[in-house]
Amino acid sequence: MKKFAAIAAAFGLSALALSGCASSGAATSAQATAENPMVLTLAHGLSESHTVHIAMTEFAQKVEERTNGRIQVKIFPNGQLGSETENMEQLMAGVIAMTKVSAPGLATYNEAYHTFGLPYLFDDTEDFYHVMDSQQMRDFFLSTADDGFVTLTYYTSGARSFYTKDKAIRTPEDLHGLKIRVQDMQSQTDMLEALGGIPVAMSYGDVYTSLQTGIIDGTENNETALTTGKHGEICKVFSKDEHAMIPDVMVMSAQIWNNISPEDQQIILEAAYESTDSHKIAWDAAIEEAVQEAKDTMGVTFVEDVDKEAFREATAGLVDEYCARYPGVQQMVDLINSVE
């Protein structure tokens with residue numbers, strides 16, 4: 001039923017897209033006025049309480065204010081227009097103007113985005129922010145117009161770590177024989193196999209029941225999943241190996257982007273970057289709150305003495321393999337390493 005609704009919504013938008021639904025009103029920002037604005041549709045699957053939705057709402061407000069109402073961003077949250085994959089397909093078809101996706105999901109359109117699903121690309125959170133905020137990364141984000149989209153900014157989703165019902169994961173050997181849920185990404189499946197675990201790809205919504213029934217022994221995510229996903233009711237050991245930092249990204253149709261004047265593009269980018277900075281603060285607060293709640297009300301133990309170097313060594317070959325398989329990944333790894 002949900003899929004049918006998403007298809008129906010997409011069909012309805014598709015019909016309107018022929019007359020410019022993806023950016024209704026004025027066809028270009030140069031033609032836009034406060035009375036006849038350029039309206040950009042932004043669809044995503046998050047709830048209105050999610051920190052990323054709040055950041056994108058701030059972005060939309062700033063764009064409208066700084067263009068004096070000439071450009072407006074209309075947000076459709078909660079998967080109203082379909083799943084993340086469907087939203088990206090709609091964007092590429094010109095049905096919607098913007099969406100939010102997990103960065104590796106863009107690898108379908110540009111292979112360099114595989115990189116963001118690989119383990120231990122960054123030394124720590126500070127290094128992650130330093131690279132992601134660099135001019136080199138911003139230039140790359142805007143370089144994919146020939147692929148049908150441009151990336152305006154990123155939003156952190158924290159560091160991902162393993163957590164299980166009762167077993168601490170301090171070394172890769174501790175994963176041997178364990179069935180661990182991973183995201184449905186080839187890089188995540190390959191990573192867990194490299195670490196000796198048994199990857200089980202499934203949707204986030206199925207994780208709680210699968211933990212509860214023993215279909216999986218554990219999973220991996222950031223700390224907020226313990227509380228918002230209630231995983232801390234079942235998993236009592238969170239081992240901070242911090243194997244991946246997979247950002248969300250806000251993308252726009254290249255066709256729409258090219259209909260926006262350079263001056264208005266700069267306004268949009270500045271509003272996007274500022275929303276990212278605001279989101280970092282909100283994310284830190286969300287992590288701190290989740291950890292405290294998980295400790296105090298769920299009895300979760302956080303294991304800090306993880307041998308990260310052992311995990312890094314165990315997965316180094318995977319990064320090399322992806323670099324050899326995808327020239328775009330090698331270029332992205334070189335970009336990351338070049339940021340001083």
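A few comments on the model shown:
- T144 vs. criteria under 27 Å from V303 (Cβ atoms) and among the hydroxyl-bearing types (S, T, Y): no
- Some residue of segment 244-262 being within 28 Å of F140 (Cβ to Cβ), part of a helix (DSSP H, G or I), among the hydroxyl-bearing types (S, T, Y) and at pLDDT 95 or above: no
- Hits in segment 282-303 - residues which are more than 25 Å from the chain's Cα centre (by Cα) and of a type in the set (D, E, K, R): K295, D296
- Matching option when the condition is hydroxyl-bearing (S, T, Y), modelled with pLDDT of 95 or more and more than 27 Å from A32 (Cβ to Cβ), among T276, T297: T297
- The test for being of a type outside the set (D, E, K, R), within 18 Å of S157 (Cβ to Cβ), exposed (fewer than 14 other Cβ atoms within 10 Å of the Cβ) and in contact with a helix residue (DSSP H, G or I) (Cβ under 7 Å, 6 or more places away or on another chain) does not hold for S83.
- Any hit, segment 131-150, residues being at pLDDT 95 or above, crowded, with 19+ Cβ neighbours inside 10 Å, on the phi < 0 side of the Ramachandran plot and in a strand (DSSP E or B): yes
- Selection status of E126, in the same structural domain as N259 (by TED's automatic domain parsing) and free of Cβ contacts under 8 Å to residues at least 60 places away in the same chain: no
- Counting only residues that are surrounded by fewer than 18 Cβ atoms within 10 Å (Cβ to Cβ) and under 19 Å from the mean Cα position of the chain (by Cα), segment 255-281 holds 7 of them.
- The condition of being in contact with a Ser or Thr (Cβ under 9 Å, 6 or more places away or on another chain), under 25 Å from D241 (Cα atoms) and buried (at least 21 other Cβ atoms within 10 Å of the Cβ) does not hold for V73.
Yes/no per residue for (1) of a type in the set (K, R); (2) in contact (Cβ under 8 Å) with a residue 12 or more places away in the chain:
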residue	(1), (2)
I234	no, yes
D248	no, yes
E263	no, no
Q266	no, no
Y273	no, yes
A286	no, yes
A294	no, yes
T301	no, yes
R325	yes, no
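The values are calculated or read from the model by the stated rules, or taken from the named source; none is laboratory data. Computed from a prediction, not measured in an experiment: that's the story for all the values here. Neighbour counts are summed over all protein chains in view; Cβ atoms, including those assigned to glycine, are modelled from backbone coordinates with ideal geometry.
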